[in-house]
Structures are given as structure tokens and as C-alpha cells.
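Enquirer: Sending over a structure as C-alpha cells; questions will come in a sec.
The values are calculated or read from the model by the stated rules, or taken from the named source; none is laboratory data. Computed from a predicted structure; not experimentally measured. Here the Cβ positions follow ideal geometry from the backbone for every residue, glycine too, while neighbour counts run over all protein chains shown. We work out accessible area using only protein heavy atoms, side chains counted, and drop any ligands, DNA or RNA first. Shrake-Rupley method; radii C 1.70, N 1.55, O 1.52, S 1.80 Å.
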Amino acid sequence: MADTTTIHWELVLRTVKSRLNSYFNLTIAIDQDIIDEISFRLWSSGYAVNDKESIVNATSIELVSFTGQIAFWIQKLKPLNIVHVPPGSTKILNINELAAVLLAEAICFIKVKKSKFPPQLIAPWADSLRSDIHSPQSCATTLHALTI
């Protein structure tokens, strides 16, 4: 029997949001309606989404594909909104794309037991998600390459 796992991606996203709040000294909000839409899109793509935010009984390979889908929809639908930038702080334009990459890294590191992404990859991938054309499959393929 394959090793399986359950992931609560919305909780991971909330942790990533907290890290971004602290690191950039920003106040970031999550739009729950967009989170619900992402969950619906994951469900309609055939993922066994349970309780709107988790995938159950996923093998490592399925989990990486699922995570690629999540990363894509986060960068596409942009559930994070910067609501306050204190004086002296810089507003980050690619906050959703950065969150997508950090969420993917967190899930792959925790659940697939692979090492963290090379630091020099995170910002360029986030920039690429913002400026280039991506699909759910291209995000999943990138993650598969990073986790083999």
C-alpha cells in the first residue's frame, strides 16, 4: 500500500501569510471567497478535496501535483491582499506569487520529505508566475522536477 497523507492547504497558506506579514512588515488579509473558489476548482479538477481545504489519502506524487494546482490558483486568483503598509515598508507587488511558491515549498518539504527549494529559485519563480504564462500543469511539473 502506498504511503498516503492528508494536507490542509488553507492552514499552510495562513502560516505562509503570517511569515510574509512578519518578514515584510505588512498587514495581509486573505479573501475567503477566493479560497472557496480555489477549493472548488481543485475539486472540479478531480482532486479528492475534503472539508474545502484538504486532500486525503494522497500519495507523494499526487500531493506534488495537487500542490502545483494550488500554487497556480493562488497566483491566478490572488487571495492575499495587502491592507496596510507601514511607513518605511515597501509594498510587495508579487505577494500572491511569492505566497504560492512558499506554500509549495512548505508542503513539499513537510509532506514529501524533500529538502527546501534553493533560495536562489524562490524569487525568480515568483516573478515568473507574475509575468509569464503558466498553467496548473506547468506548476505541477516544476514541483515534480524540484522534488525528485
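Enquirer: Write out, first by first residue and then by second, each pair whose Cβ atoms fall under 8 Å of each other, whose residues are 6+ apart or on separate chains, and whose first residue, in region 82-94, is at positive phi while the second is open to solvent by less than 50 Å² (accessible area, probe 1.4 Å) and at pLDDT below 90.
Expert: Within 8 Å, no pair qualifies.
Enquirer: If you take the residues of region 98-120 that are among the small types (Gly, Ala, Ser) and touching a residue at least 60 places away in the same chain (Cβ under 8 Å), which of them is most open to solvent (accessible area, probe 1.4 Å)?
Expert: Ala106
Enquirer: So if I check each of Lys76, Lys91, which one is open to solvent by 10 Å² or more (accessible area, probe 1.4 Å) and either of a type outside the set (Lys, Arg) or modelled with pLDDT under 90 (or both)?
Expert: Criteria check complete, one pass: Lys91.
Enquirer: Looking at Phe109, is it in a loop (DSSP other than H, G, I, E, B) and either within 12 Å of the chain's Cα centre (by Cα) or not hydroxyl-bearing (Ser, Thr, Tyr) (or both)?
Expert: No.
Enquirer: Name the pairs whose Cβ atoms lie under 8 Å apart, with the first residue in region 62-74 and without any contact (Cβ under 8 Å) to a residue 24 or more places away in the chain, the second of a type in the set (Lys, Arg) and surrounded by 24 or more Cβ atoms within 10 Å (Cβ to Cβ), and 6 or more positions between them or separate chains?
Expert: none
Enquirer: Scanning for something modelled with pLDDT of 90 or more, closer than 17 Å to Asn94 by Cα, open to solvent by 40 Å² or more (accessible area, probe 1.4 Å) and polar (S, T, N, Q), does region 9-19 turn up at least one residue?
Expert: Taking every residue of region 9-19 in turn, at least one turns out to be modelled with pLDDT of 90 or more, closer than 17 Å to Asn94 by Cα, open to solvent by 40 Å² or more (accessible area, probe 1.4 Å) and polar (S, T, N, Q).
Enquirer: Ok, one more. When you go through (1) in a helix (DSSP H, G or I); (2) closer than 18 Å to Trp9 by Cα; (3) open to solvent by 50 Å² or more (accessible area, probe 1.4 Å) one by one for Ala123, which number turns out not to apply?
Expert: Unmet condition: (2).
Enquirer: Suppose we filter Ala58, Ala29 for residues that are hydrophobic (A, V, I, L, M, F, W, C) and either modelled with pLDDT under 75 or at positive phi (or both); which single one remains?
Expert: Sole residue among the options that is hydrophobic (A, V, I, L, M, F, W, C) and either modelled with pLDDT under 75 or at positive phi (or both): Ala58.
Enquirer: Sticking with this structure for a sec: Kindly list, by first and then second residue, each pair from a residue in region 127-148 that is acidic (Asp, Glu) to a residue that is open to solvent by less than 40 Å² (accessible area, probe 1.4 Å), limited to pairs with Cβ atoms under 8 Å and residues at least 6 apart or on different chains.
Expert: Correct list of pairs: Asp127/Asn94; Asp127/Glu97.
Enquirer: Of all residues in region 32-53 being buried (at least 18 other Cβ atoms within 10 Å of the Cβ) and among the hydroxyl-bearing types (Ser, Thr, Tyr), which is modelled with the highest pLDDT?
Expert: Ser39
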